[in-house]
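Notes follow the structure.
The values are calculated or read from the model by the stated rules, or taken from the named source; none is laboratory data. Keep in mind the model is a prediction, meaning the values are calculated, not measured. Counting neighbours? That spans all protein chains shown, and the Cβs are built from the backbone with ideal geometry, glycine included.
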Amino acid sequence: MSVSRASTASGPVVWAGILATTCLLLFLLQKVLWLAVPFLFALILYYFLFAPMQWLMYRGLSREQAASAAILAFLLVTAAYLALLLPWMASHLAGWQESVVRYLHGGQALLQRSLHGLERAYGVLADARLAEIADAKIADFTDHAGQYVEPVLTSTLAWAPSLLLTPFVAFFLLRDGGRFQHMLGRAVPNAFFEKTLYLLHEMDRTTRAYFQGLLRLTFLDTVTLALGLWLLGLPSPIALGLVCAVLAWLPFIGSLLGGLLVVLVAATDFPEAPQMAYAAVGLFLLVRLLDDFVYLPLTIGRSLHMHPLITVLMIFVGGAVAGIPGLMLVMPLLGVVRVVGETLGKIVTDARLMARFRHGRRLRRLRADIDLQS
Amino acid sequence: MRLPRLKSALPKHLSRLKALSLFATLDAKGLRIVDGLLHERDYLEGEVIFDEGEVGEALYIVYQGKVLICRQGQPDSGRVTEIDAGGFFGELALLDQLPRALQARAASACRLGVLFRADLQNLLETDARTASRIALQLARHLGRRLRAARTTTVEELDLCL
């Protein structure tokens with residue numbers, strides 16, 4: 001006699017719950033962003049250092065020793081890198097400032113040429129004095145740049161200390177992650193034990209897959225952009241492609257910044273050939289389309305076993321609910337909530353598991369009462 | 001004269017693992033790794049450990065007490081065998097994701113160790129030496145079961161679960 005079981009596929013109610021919970025969590029995370037972002041970085045660091053830690057453990061170190069050694073090595077490498085980088089940055093700072101100004105002027109010149117060209121072609125735009133208005137707006141922005149830059153710098157400085165939590169949190173994730181899993185397993189009734197452990201493994205797999213997917217996406221973006229920029233003849237195509245691909249970790253906003261960077265470089269290095277800047281814009285639009293509708297669903301969407309349509313829709317929803325942080329957090333959050341929701345749905349709707357849970361509870365109650373009754 | 005090689009004594013919990021045929025070939029380092037992967041569960045007499053038809057996710061090791069393997073819902077008439085302390089069951093779950101062939105119930109209050117398939121798979125990728133020793137012991141165990149199948153009934157063969 002075998003026990004009949006409910007279908008394992010998640011129904012619309014479970015999926016509605018998953019999407020609603022993801023939106024609610026995004027909304028709440030936005031309120032404690034100072035904690036959520038260092039935690040997210042710590043999670044990335046955890047997955048980055050987990051393999052070296054395991055390697056050390058399999059060579060005889062205890063988990064505590066291996067976690068300490070991995071974090072210590074990371075901090076030492078970071079400190080050494082910064083010690084080398086900071087003097088180099090200080091010596092090149094003046095040159096970079098000049099380059100930034102030069103590229104901004106290049107972009108401004110391109111904009112002016114384009115607007116004057118449009119005014120010559122279309123009388124309506126000339127009557128509207130489009131180039132003059134744009135000139136005034138840019139001059140106004142340049143005069144009051146401090147007003148726009150100051151809040152960004154202030155919020156960055158306010159955020160910086162909380163980022164120091166990252167290695168601290170990563171260390172405890174490395175050291176106590178297994179212990180936490182065992183503790184959680186012990187708290188679960190016997191009837192749900194296998195399903196719960198499966199859930200924990202799936203959550204781990206999902207978050208790992210997300211970050212691996214993100215790295216694959218960065219690689220694909222870098223290669224595509226570098227190839228396109230190289231074909232156009234722009235300088236440093238690989239470096240530019242990599243910077244744009246990393247900026248694209250911020251969906252939409254990052255892409256905009258990356259596109260602006262490429263256009264500024266094209267307009268400044270080829271001032272007499274505005275078609276280069278237009279071609280760079282075209283390339284960037286093409287890569288963005290590829291990224292959002294092909295690469296993203298194929299890498300991150302596939303790693304989370306998510307339908308491409310849901311992936312794209314949830315990115316829009318994440319942006320609407322929680323702004324830029326929402327865009328960044330929506331996919332990993334949805335992946336984890338999906339695993340939890342689907343597993344809980346399976347447990348709660350499995351009549352046999354619930355019956356076994358009640359049976360186990362009854363046995364424990366009887367055992368607790370037995371000497372009291374006698 | 002050659003001095004006898006001194007062996008460092010294993011802690012009690014590792015000695016308990018070493019006594020199990022599945023982990024008998026592991027060294028102290030391997031035993032420590034496996035010990036970190038195992039979960040301990042306590043069951044009361046009559047409590048169901050897993051059902052027939054349930055997708056297997058883990059292997060169970062009996063530390064204390066007895067476990068009854070039987071047909072679904074027939075602990076008396078459908079009894080197949082009993083596993084004592086030191087034995088293990090549900091090992092096929094480590095190899096595939098097929099449904100369990102029989103039901104497992106606690107024949108007395110018992111303490112079990114649980115090794116998950118996902119943990120063993122992860123071990124195969126990260127410490128192939130330890131994992132392959134476990135896999136070899138598992139293969140030997142299944143080989144013994146197959147040889148015994150010639151002289152036993154189909155139900156006993158199903159013990160592989």
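When you check B:LEU142 against the structure, is it among the aliphatic types (A, V, I, L, M), at pLDDT below 90 and within 21 Å of B:ILE33 (Cα to Cα), yes or no? Before you say what the answer is, go through the steps one by one.
Numbers: among the aliphatic types (A, V, I, L, M): yes; at pLDDT below 90: yes; within 21 Å of B:ILE33 (Cα to Cα): no.
Answer is no for this residue.
Assess whether A:GLN108 counts as being part of a helix (DSSP H, G or I), modelled with pLDDT under 80 and over 30 Å from the mean Cα position of the chain (by Cα). Reasoning before the result, please.
Working: part of a helix (DSSP H, G or I): yes; modelled with pLDDT under 80: yes; over 30 Å from the mean Cα position of the chain (by Cα): yes.
Yes, satisfied.
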If the Cβ limit is 7 Å and pairs must be 6+ apart or interchain, which residue in segment B:59-80 that is among the small types (Gly, Ala, Ser) pairs with which residue that is outside any strand (DSSP E or B)?
B:GLY65/B:ALA85; B:GLY65/B:SER108; B:GLY65/B:ALA109; B:GLY73/A:MET1
If you go through A:TRP249, A:TRP230, the only one that is outside any loop (DSSP other than H, G, I, E, B), aromatic (Phe, Trp, Tyr) and surrounded by fewer than 18 Cβ atoms within 10 Å (Cβ to Cβ) is A:TRP230
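Quick check on A:GLY95: is it surrounded by fewer than 15 Cβ atoms within 10 Å (Cβ to Cβ), of a type in the set (Gly, Ala, Ser) and touching a residue at least 24 places away in the same chain (Cβ under 8 Å)? Can you show your working first?
On the way: surrounded by fewer than 15 Cβ atoms within 10 Å (Cβ to Cβ): yes; of a type in the set (Gly, Ala, Ser): yes; touching a residue at least 24 places away in the same chain (Cβ under 8 Å): no.
Judged against the criteria, A:GLY95 is not a match.
Condition check ((1) more than 14 Å from chain B (Cβ to nearest Cβ); (2) in contact (Cβ under 8 Å) with a residue 12 or more places away in the chain) across all residues:
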position: A:LEU165; (1), (2): yes, yes
position: A:LEU174; (1), (2): no, yes
position: A:LYS195; (1), (2): no, yes
position: A:HIS201; (1), (2): no, no
position: A:LEU231; (1), (2): yes, no
position: A:ILE238; (1), (2): yes, yes
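Has segment A:350-357 got any residue that is assigned to a helix (DSSP H, G or I), surrounded by fewer than 13 Cβ atoms within 10 Å (Cβ to Cβ) and in contact (Cβ under 8 Å) with a residue 40 or more places away in the chain?
Filtering segment A:350-357 down to residues assigned to a helix (DSSP H, G or I) leaves A:351-357.
Still in the running and surrounded by fewer than 13 Cβ atoms within 10 Å (Cβ to Cβ): A:351.
Add one more test, that the residue is in contact (Cβ under 8 Å) with a residue 40 or more places away in the chain, and what stays is A:351.
Looking through segment A:350-357, at least one residue is assigned to a helix (DSSP H, G or I), surrounded by fewer than 13 Cβ atoms within 10 Å (Cβ to Cβ) and in contact (Cβ under 8 Å) with a residue 40 or more places away in the chain.
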Give segment B:52-86 a look and list any residue that's at the interface with another protein chain (Cβ under 9 Å from one of its Cβ atoms) and under 13 Å from the mean Cα position of the chain (by Cα), or say none.
B:GLY56, B:GLU57, B:ALA58
Out of all the residues in segment A:337-373, which are in contact with a Leu (Cβ under 8 Å, 6 or more places away or on another chain) and small (Gly, Ala, Ser)?
A:GLY360
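Going through segment B:60-70 one residue at a time, which ones are surrounded by fewer than 18 Cβ atoms within 10 Å (Cβ to Cβ) and either polar (S, T, N, Q) or not in a loop (DSSP other than H, G, I, E, B) (or both)? Talk me through it step by step, then tell me what you get.
Just the residues of segment B:60-70 that are surrounded by fewer than 18 Cβ atoms within 10 Å (Cβ to Cβ), to begin with: B:64, B:66.
The one that is surrounded by fewer than 18 Cβ atoms within 10 Å (Cβ to Cβ) and either polar (S, T, N, Q) or not in a loop (DSSP other than H, G, I, E, B) (or both): B:GLN64.
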Among (1) without any contact (Cβ under 8 Å) to a residue 60 or more places away in the chain; (2) part of a helix (DSSP H, G or I); (3) not hydrophobic (A, V, I, L, M, F, W, C), the one test that B:LYS29 misses:
(1)
Taking only segment B:71-98 into account, find how many residues are surrounded by fewer than 22 Cβ atoms within 10 Å (Cβ to Cβ) and either small (Gly, Ala, Ser) or farther than 25 Å from B:ARG140 by Cβ (or both).
12
Given (1) part of a helix (DSSP H, G or I); (2) facing another protein chain (nearest Cβ under 8 Å), identify the lone condition not met by B:ILE49.
(1)
Looking only at segment A:129-167, which residues are in a loop (DSSP other than H, G, I, E, B) and under 23 Å from A:TRP34 (Cβ atoms)?
A:LEU164
Among the listed residues A:MET306, A:MET314, A:MET331, which satisfies the condition of being outside any helix (DSSP H, G or I) and within 18 Å of A:TYR210 (Cα to Cα)?
A:MET306
